[in-house]
Amino acid sequence: MNGLVSSILEHYNQWVTIFLMVAGLYVVVARGNMVKKLVGLSVFQTSVYLLYISPGKILGGTAPILIDDPNAVYSNPLPHVLILTAIVVGLATIALGLGLVVRINEVYGTVEEDEIFERSDDE
Amino acid sequence: MEAFINMVLLTMMAASVVALVRMRNLFAVVILFSVYSFLMASVLVVLDAPDVAMTEAAVGSGVSTVLFLAALYLTKTEEAQPRHSPLLPMFVAVVVGAALVYGTYDMPPFGAADTPVNTHVGAQYPGRTPAEIDIPNVVSAVLASYRGFDTLGEVLVVFTAAIGVLLLLRRNKRRPGDASEEAGPDRAGMED
């Protein structure tokens, strides 16, 4: 019982990360609506932020902004930098994806995958 | 205490994602996604990443939401009933999740200082920054100086995406009597 509690405390961040990741994956695969698919893709992307930032956290540490205390413990700044880049790249992906969705809607009049397949079969 | 706040916020995030997956009204989905992003920003503050939290609050729950709402304005806000059974995707998701959870038992515990991640190059930056860059914010120092080429690559990606969106949403003038012509100004606003 004690082992279960300690493994929950030690791995909770990783488990929530995994849950968000597979939830995003599920939405991308299972749902036909393209806007919904992109929301799922965003959830998947944001789960990667947690995957990177969580291991860099040191309990009892502080943000990596230098202070005068010589004994200060700083959390790892490197994952923060990588994820700053990832957030902006994620926005670029979403903008391009939504551009495609709007264009598809202009041509087919729908953003549902099944209806688009039907219409392209008819032609 | 910080570990406890972290766990509460993560649980709230997981709950908002469950609601987001189940909902069919896309307007509600987008607003829930905004809430989710803001919770993520709060978690990032607890995880000692204020710079990332600010960016996530501005970009994730701000700009992304505006882009999604703009796209919803130009399309439909209601999701159709699914025609396929969700059992296979559910099975794939559960198997992938189980494999990943199995993998976490070999990962170092949360918050430890002696993990491989925290003992290599990342840990050296706070010590090197005062002598080499001389600004208090280590994240800015790494972003703009030590890993400046990453940022250059990021600018390239954003530039490419902007060109892509511009080309996709350019008005096609050859087709006469195009009914979607009126939507022009809204579409032009998408490329920001």
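Think of the range A:2-122 as having a plus end and a minus end, set by charges on the Cβ of Lys, Arg, Asp and Glu; of A:Tyr108, A:Pro64, A:Gly90, A:Pro64 sits farthest toward the positive end of this dipole. Less than 5 angstrom separates the built amide H of A:Tyr74 from those of A:Thr62, all sequence-distant by 5 or more or on a different chain. Computed from backbone phi, the HN-Hα couplings of the range B:126-135 come to x, x, 7, 4, x, 7, 8, 10, 6, 10 Hz, rounded to whole numbers (Karplus: 6.51 cos²θ - 1.76 cosθ + 1.60, θ = phi - 60°; Gly and Pro given as x). Contact order for the range A:2-122, expressed relative to its length and based on alpha carbon pairs under 8 Å spaced 6+ residues apart, stands at 23 percent.
Net charge of the neighbourhood of A:Leu84, taken over other residues with C-beta under 15 Å away and scored Lys/Arg +1, Asp/Glu -1, is -4.
Once Rg and the Kirkwood radius are both taken over the C-alpha atoms of the range A:1-78, their ratio Rg/Rh works out to 1.16.
What the Cβ-Cβ distance of B:Val92 and B:Leu152 gives, at R0 = 35 Å and to the nearest 0.05, is a FRET efficiency of 0.40. Residue ranking by accessible heavy-atom surface, 1.4 Å probe, largest first, among B:Met90, B:Met13, B:Met7 comes out as B:Met90, B:Met7, B:Met13.
Helix B:87-104 and the longest principal axis of the Cα set of chain B meet at an angle near 10°. Relative to the longest principal axis of the Cα atoms of chain A, the long axis of helix A:34-56 makes an angle of roughly 10 degrees. Taken over the range B:1-80, the percentage of Cα pairs per 5 Å bin, counting from 0 up to the bin with the maximum distance, is 3, 16, 22, 21, 17, 10, 6, 3, 1, 0. Accessible area per residue for chain B in Å², computed with a 1.4 Å probe and the full protein assembly in place, what is it? In whole numbers, chain B has 57 Å² accessible per residue.
Rounded to the nearest 500, the helix-only mean residue ellipticity at 222 nm of the protein assembly as shown stands at -22500 deg cm²/dmol, with each DSSP H run of n ≥ 4 adding -39,500 (n - 2.57). Based on C-alpha pairs under 8 angstrom that are at least 6 apart in sequence, the range B:1-80 has a relative contact order of 35 percent.
What part of the accessible area of chain A, given as a whole %, is carbon or sulfur when the probe is 1.4 angstrom? So the carbon and sulfur contribution to the accessible surface is 63 percent.
With protein chains left intact and a 1.4 Å probe, residues in chain A average 41 Å² of accessible area per residue. In terms of accessible area, using a 1.4 Å probe and ignoring ligands and nucleic acids, B:Arg147, B:Arg24, B:Arg170, B:Arg83 rank largest first as B:Arg170, B:Arg83, B:Arg147, B:Arg24. Based on the reciprocal of the average 1/r between different C-alpha atoms, the Kirkwood radius for the protein assembly as shown equals 21.2 Å. Computed from Cα atoms, the angle from the helix B:64-74 axis to the main principal axis of chain B rounds to 10 degrees. Whole-Hz Karplus values for the range A:97-105 come out as x, 5, x, 4, 4, 5, 5, 4, 5 Hz, taken residue by residue from phi with 6.51 cos²θ - 1.76 cosθ + 1.60 and θ = phi - 60°; glycine and proline positions read x. Extension gain, B:Ile163 to B:Val35, is 43.1 nm, computed as 0.36 nm per intervening residue step minus the present C-alpha separation.
Ordered by 1.4 Å accessible area with all protein chains kept, B:Asp150, B:Asp134 run largest first as B:Asp134, B:Asp150. Sum up the charges of everything whose Cβ sits under 9 Å from the Cβ of B:Gly111, counting Lys and Arg as +1 and Asp and Glu as -1, but leave B:Gly111 out. Result for the neighbourhood of B:Gly111: -1.
Taking Cα centre as origin and charging only the Cβ of basic (Lys, Arg, +1) and acidic (Asp, Glu, -1) residues, the dipole magnitude of the protein assembly as shown rounds to 440 debye. Taking the Cα centre of the range B:1-80 as origin and assigning +1 to Lys and Arg Cβ atoms and -1 to Asp and Glu Cβ atoms, the resulting dipole is close to 360 debye. Centroid-to-centroid, using Cα positions, the range A:41-85 and the range B:20-51 are 19 Å apart.
Only protein heavy atoms count here, probed at 1.4 Å, and on that basis chains A and B bury about 7800 Å² of accessible area in total. Summarising the label geometry, the points placed 7 Å from Cα in the beta-carbon direction at B:Met23 and B:Glu132 lie 4.5 nm from one another. For chain B, the relative contact order comes to 15 percent (Cα pairs under 8 Å, sequence separation of at least 6). When the range B:1-80 is described by a simple charge dipole with +1 on each Lys and Arg Cβ and -1 on each Asp and Glu Cβ, the residue from B:Val46, B:Val8, B:Ser34 located farthest towards its positive end is B:Ser34.
Using a probe radius of 1.4 angstrom, the carbon and sulfur fraction of the accessible surface of chain B is 68%.
The translational diffusion coefficient of chain B, from Stokes-Einstein at 37 °C and 0.692 mPa s with a Kirkwood hydrodynamic radius over alpha carbon pairs, comes to 156 µm²/s.
The values are calculated or read from the model by the stated rules, or taken from the named source; none is laboratory data. Here the structure is a predicted model, which is why all the values come from computation and not from measurement. Positions of Cβ are generated from backbone atoms using ideal geometry, with glycine treated the same way; all protein chains shown enter the neighbour counts. Accessible surface areas use protein heavy atoms only, side chains included; no ligands, DNA or RNA. Shrake-Rupley method; radii C 1.70, N 1.55, O 1.52, S 1.80 Å.
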